[in-house]
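One structure is given here, and the rest of the page talks about it.
The values are calculated or read from the model by the stated rules, or taken from the named source; none is laboratory data. This is a predicted model, so every value here is computed, not measured. Virtual Cβ from ideal backbone geometry, glycine too; neighbours counted across all protein chains shown. Keep in mind that these areas ignore ligands, DNA and RNA; they rest on the heavy atoms of the full protein, side chains included. Shrake-Rupley method; radii C 1.70, N 1.55, O 1.52, S 1.80 Å.
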Amino acid sequence: MNRILILLLLCLPAVLVQEQTQASAEAHVQSYEEYGRVAMKKTMEKYPGAQITDYLHVGKKTKGIISTETFKLVLKERGKTFEIFVYVEYSEKTKKVTNVTFKDA
């Protein structure tokens with residue numbers, strides 16, 4: 001009986017750490033997922049005849065209270081494939097988008 005109790009007590013921290021790590025990873029995905037949708041929406045407005053064929057979250061940079069999520073999108077328009085970077089800036093305080101810019105990759 002004591003062995004089972006000791007084994008359970010030894011395994012419990014590992015389970016808790018795994019759950020915490022998983023929750024942290026899910027929160028990170030959710031944090032850029034919203035801005036990824038903004039990037040795709042603004043891209044379709046800028047390139048209405050194009051199709052988004054690939055999407056990559058490049059990363060996040062924060063300077064003060066402004067954060068920028070960077071995405072690399074692959075577009076196809078009239079048989080031509082091209083890549084662009086989309087930068088979505090937002091306030092860390094309010095989480096509202098303040099600017100969206102594009103750059104050819």
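Kindly provide the trypsin sites (Lys or Arg not before Pro) of segment 59-102 that DSSP labels as loop, not H, G, I, E or B, and whose Cβ sees at most 16 other Cβ atoms within 10 Å.
Values: sites: K60, K61, K63, K72, K76, R78, K80, K93, K95, K96; in loops: R78, K93, K95, K96.
Here the sparse-neighbourhood loop sites are R78, K93, K95, K96.
Kirkwood hydrodynamic radius, computed over distinct alpha-carbon pairs, for segment 27-105: how many Å, to one decimal?
Working: mean 1/r = 0.0781 Å⁻¹.
About 12.8 Å for segment 27-105.
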- Query: Which percent of the accessible heavy-atom area of segment 34-77 goes to carbon and sulfur, probe 1.4 angstrom?
  - Reply: 53 percent
- Task: Beyond 19 Å between alpha-carbons counts as too far, so tell me which of K41/K93; K61/K103; K41/K95; K63/K96; K72/K95 fall in that bin.
- Result: K41/K93; K72/K95
- Query: For the modelled label position 7 Å from the Cα of V58 along Cα-to-Cβ, which residues of segment 69-95 have backbone nitrogen atoms closer than 13 Å?
  - Reply: 69-74, 83-89
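For I66, what is the net charge nearby, where nearby means another residue's Cβ is under 12 Å from its Cβ and Lys, Arg count +1, Asp, Glu -1?
Values: positive: K60, K61, K63, K93, K95, K96; negative: E69, E89, E92.
Overall, the nearby charge balance is +3.
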